[in-house]
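Below: one structure, written as structure tokens.
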Amino acid sequence: MRLTDEQVSTIHDTVTELLGERARVYLFGSRVDDGRHGGDIDLYIEAPELDEPRTRIQARLQRMLWTRLGPRRIDLLIRSADETLRPIHRDALEQGIRL
């Protein structure tokens, strides 16, 4: 996994702050592969419920992560527990690493 312990902690703490203790965060995509270079940070997040529209949560989380990690490309895939598990969600879970 190509994230530092500090970055992992920052991501986890930020998601928990916004979505609560029961939210789960997974890193997927190129950052999972230690043999690759560069790439954005792809995060799949499962939350028990979303109290606001998904786009608002994504925008808030994006801003918070940019502030705390510095400006970088971060792709967010957020799913609530009552949402159907789609193929993209399955792929992220199968290929991802829980943070």
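Every number here is computed from the coordinates shown, using simple stated rules; none is lab data. Keep in mind it's a predicted model, so treat the numbers as computed, not measured. Note: ideal-geometry Cβ built from the backbone for every residue, glycine included; neighbour counts use all protein chains shown.
Just a few scattered comments:
- Selected residue (only one of 76, 43 is among the hydrophobic types (A, V, I, L, M, F, W, C), outside any helix (DSSP H, G or I) and in contact with a helix residue (DSSP H, G or I) (Cβ under 6 Å, 6 or more places away or on another chain)): 76
- Of the residues making up segment 91-98, at least one is without any contact (Cβ under 8 Å) to a residue 60 or more places away in the chain and either outside any loop (DSSP other than H, G, I, E, B) or buried (at least 18 other Cβ atoms within 10 Å of the Cβ) (or both).
- If you check 84, 67 for being loosely packed, with under 13 Cβ neighbours inside 10 Å and not in a helix (DSSP H, G or I), only one passes: 84.
- Scope segment 56-98; condition in contact with a Phe, Trp or Tyr (Cβ under 9 Å, 6 or more places away or on another chain) and under 15 Å from residue 12 (Cα atoms); matching residues: 74, 76, 77, 78, 96, 97, 98
- Taken residue by residue, segment 15-22 has at least one member that is exposed (fewer than 11 other Cβ atoms within 10 Å of the Cβ) and either basic (Lys, Arg) or more than 13 Å from the chain's Cα centre (by Cα) (or both).
Residue-by-condition table, conditions (1) hydroxyl-bearing (Ser, Thr, Tyr); (2) in contact with a Leu (Cβ under 9 Å, 6 or more places away or on another chain); (3) in contact (Cβ under 8 Å) with a residue 24 or more places away in the chain:
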residue: 10; (1), (2), (3): yes, yes, yes
residue: 50; (1), (2), (3): no, yes, yes
residue: 57; (1), (2), (3): no, yes, yes
residue: 62; (1), (2), (3): no, yes, no
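- Some residue of segment 47-58 being charged (D, E, K, R), surrounded by fewer than 13 Cβ atoms within 10 Å (Cβ to Cβ) and within 13 Å of the chain's Cα centre (by Cα): no
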